[in-house]
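The values are calculated or read from the model by the stated rules, or taken from the named source; none is laboratory data. Computed from a prediction, not measured in an experiment: that's the story for all the values here. Cβ placement follows ideal geometry from the backbone for every residue including glycine, while neighbour counts extend to all protein chains displayed. Surface accessibility is based on the protein's heavy atoms, side chains included, excluding ligands, DNA and RNA. Shrake-Rupley method; radii C 1.70, N 1.55, O 1.52, S 1.80 Å.
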Amino acid sequence: MKVLFQTRTNLYSAPGGDMIQMQKTKEFLERLGVQVDISLDFEPDLSDYDLVHLFNLMEPQDIYLQMKNAKRQNKKIALSTIYGLYTEFERKARGGFFQKLANVLTPYQIGYIKTIVRHYAEKRLHKGVYKMMFKGYYGLMKEIVDNTAVFLPNSVSEMNRVTQDFKLIKPSFFSIPNAIDKAVFVDNDSDSLNKFAKYQDCILCAARIEGRKATLNLVRAIKNTNYTLVLVGKESQNQKEYVNQVRQEAGGNVVFLGAISHQDLRDLYKVAKVHALVSWMETPGLSSLEAAAMGCNIVVTKKGDTYDYFEDFAYYCEPDDVNSITNAIDLAFKTPVNPILKQKVLDNYIWEKTAEATLKAYEQIIHN
């Protein structure tokens, strides 16, 4: 079987969770004997491929053209939706003029404006953006969805959103878990010196520093406590004012490490007591899964699809309630780690399982 992966054209210049999902799915599908190529072109020749697998419905201006190309060449389409609107964050927490605007617009109008402004600023205007100007953000998404043979959401709750928002009737889908690389994130009890030993029993947050991740409220939640908060990840380039505020309000018990390697991150998970990702939207947050596999207690919100993954094994809070975040961290810190969560992640949320489920979906649409 030969499959072409396609997605947004700035995948490599603006890497995100979708890039990791694509690369890891490719790696583990190839172990199962599937040949996978990645193309960010709009109109590649598909004659050698059995099907096209599109990623990220939230960037319809690019994958719309890739979908139209697949239809012209009579290739069936699998879609990893990665679908989650940030409406609640835009309306409650973004701040400034855009927040006021978001409260009078629909989520899709917000997406429309953001996409056009971003592409104009980045000098990336292309045929897909012009199509969106006429068809709308929702219009492009709807056409992509209507031409998809099988959906590959990261959870059932994500599929429920897609089904409801795009008025689908009994869509064909496979729930494909977001996953960790168990070869990297394994808690081996080696006696080698951990260079992060000085952060033993810290509160860790591995995520981009930005408003959607509610980093500022996390900083405020540990402000007058005895905890050490370690922040790992890049700072948002589009929210410099927010990042500056995070740095200004961070006390002496907040450590900024920036982006670090997976190996270093594994060593940090080993010394952390709690991993806190208090976002306005996650599906479900790769770092939360990695931290759970490494034996941390997990603090998250119920925004998005986190409950599908963590059920009652995580500690939940509200992203806009500092006391709620502090209380969840307190509870997670003093409660012994439940080994069931770690085993649940290692049994179900690994790339081997992701690849197996993806291959089943491919076989179904090819044979049908």
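Which ones in segment 195-253 are open to solvent by 50 Å² or more (accessible area, probe 1.4 Å), on the phi < 0 side of the Ramachandran plot and charged (D, E, K, R)? Of everything in segment 195-253, those that are open to solvent by 50 Å² or more (accessible area, probe 1.4 Å), on the phi < 0 side of the Ramachandran plot and charged (D, E, K, R) turn out to be Lys195, Lys198, Arg208, Arg220, Lys223, Lys234, Glu235, Lys240, Glu241, Arg247.
Is at least one residue of segment 169-183 open to solvent by 40 Å² or more (accessible area, probe 1.4 Å) and β-branched (Val, Ile, Thr)? Yes, segment 169-183 contains a residue that is open to solvent by 40 Å² or more (accessible area, probe 1.4 Å) and β-branched (Val, Ile, Thr). Selection within segment 322-338: residues that are without any contact (Cβ under 8 Å) to a residue 12 or more places away in the chain and either open to solvent by less than 40 Å² (accessible area, probe 1.4 Å) or outside any helix (DSSP H, G or I) (or both). The member of this set that is farthest from Ala293 (Cα to Cα) is Ser324. Filtered by the rule that a residue be of a type outside the set (Lys, Arg), more than 21 Å from the chain's Cα centre (by Cα) and assigned to a helix (DSSP H, G or I), segment 130-156 gives Tyr130, Met132, Met133, Phe134, Gly139, Leu140, Glu143, Asp146. Quick check: is even one residue across segment 15-38 closer than 25 Å to Asp305 by Cβ, open to solvent by less than 30 Å² (accessible area, probe 1.4 Å) and in a loop (DSSP other than H, G, I, E, B)? There is at least one residue in segment 15-38 that is closer than 25 Å to Asp305 by Cβ, open to solvent by less than 30 Å² (accessible area, probe 1.4 Å) and in a loop (DSSP other than H, G, I, E, B). With the structure loaded, tell me whether Asp347 is surrounded by fewer than 20 Cβ atoms within 10 Å (Cβ to Cβ), in a helix (DSSP H, G or I) and of a type in the set (Asp, Glu) or whether it fails that test. Here the answer is yes, as Asp347 does meet what is asked.
Matching residues to (1) outside any loop (DSSP other than H, G, I, E, B); (2) without any contact (Cβ under 8 Å) to a residue 40 or more places away in the chain:
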residue	(1), (2)
Lys198	yes, yes
Asp201	no, no
Leu204	yes, no
Arg212	yes, no
Val219	yes, yes
Asn224	no, yes
Asn238	no, yes
Glu241	yes, yes
Val246	yes, yes
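A residue that is basic (Lys, Arg), touching a helix residue (DSSP H, G or I) at 6+ places or on another chain (Cβ under 7 Å) and assigned to a helix (DSSP H, G or I) occurs somewhere in segment 120-129. The single condition from (1) more than 23 Å from Ala272 (Cβ to Cβ); (2) assigned to a helix (DSSP H, G or I) that Leu341 fails is (1). Applying the condition of being part of a helix (DSSP H, G or I) and more than 20 Å from the chain's Cα centre (by Cα) to segment 264-306 and asking which residue is surrounded by the most Cβ atoms within 10 Å (Cβ to Cβ) yields Leu268.
Could you check, for segment 67-83, whether at least one of its residues is open to solvent by less than 30 Å² (accessible area, probe 1.4 Å) and in contact with a Gly (Cβ under 8 Å, 6 or more places away or on another chain)? Scanning segment 67-83 turns up no residue that is open to solvent by less than 30 Å² (accessible area, probe 1.4 Å) and in contact with a Gly (Cβ under 8 Å, 6 or more places away or on another chain). Within segment 86-102, residues that are farther than 19 Å from Lys302 by Cα and modelled with pLDDT of 90 or more sit with their Cβ atoms under 7 Å from residues that are assigned to a loop (DSSP other than H, G, I, E, B) and open to solvent by 40 Å² or more (accessible area, probe 1.4 Å), at 6+ positions apart or across chains, in these pairs: Ala102/Arg94. Considering each residue of segment 55-67 in turn, none proves to be in a loop (DSSP other than H, G, I, E, B), over 25 Å from Phe134 (Cα atoms) and within 26 Å of the chain's Cα centre (by Cα).
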